[in-house]
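Working notes, structure below.
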């Protein structure tokens, strides 16, 4: 007999900001799965065909009662420099997090 396994934290994602102009396109989002909440800032530089991403991961065990909706609301109110703001917020509240970044070029 097989037992159905319930996933109490299915993957969810919310867009905070997205848009484009002649130079760049951008997309900021926050997501969660059963282990962590993640914030991503993506920028695509059109004339250089370069994709840049900064990310921040917070392990769920470090969050207490803070939720995806809480972080979404907090970041949505900010119009600029969300990444630094979130790092400061987490540091002030003694919440452990990891950050990273990467870039890639479209050579085609």
Quiz item: Taking the condition surrounded by 15 or more Cβ atoms within 10 Å (Cβ to Cβ) and in contact (Cβ under 8 Å) with a residue 60 or more places away in the chain, does residue 36 pass?
Solution: no
Quiz item: List pairs: first in region 42-60 and on the phi > 0 side of the Ramachandran plot, second assigned to a strand (DSSP E or B), Cβ under 7 Å, 6+ apart or cross-chain?
Solution: 49/105
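The numbers here are math on the coordinates, done by the rules we state, and not lab data. Remember, it's a predicted structure, so these values are computed and weren't measured experimentally. With ideal geometry, Cβ positions are generated from the backbone for all residues, glycine too; neighbour counts draw on all protein chains shown.
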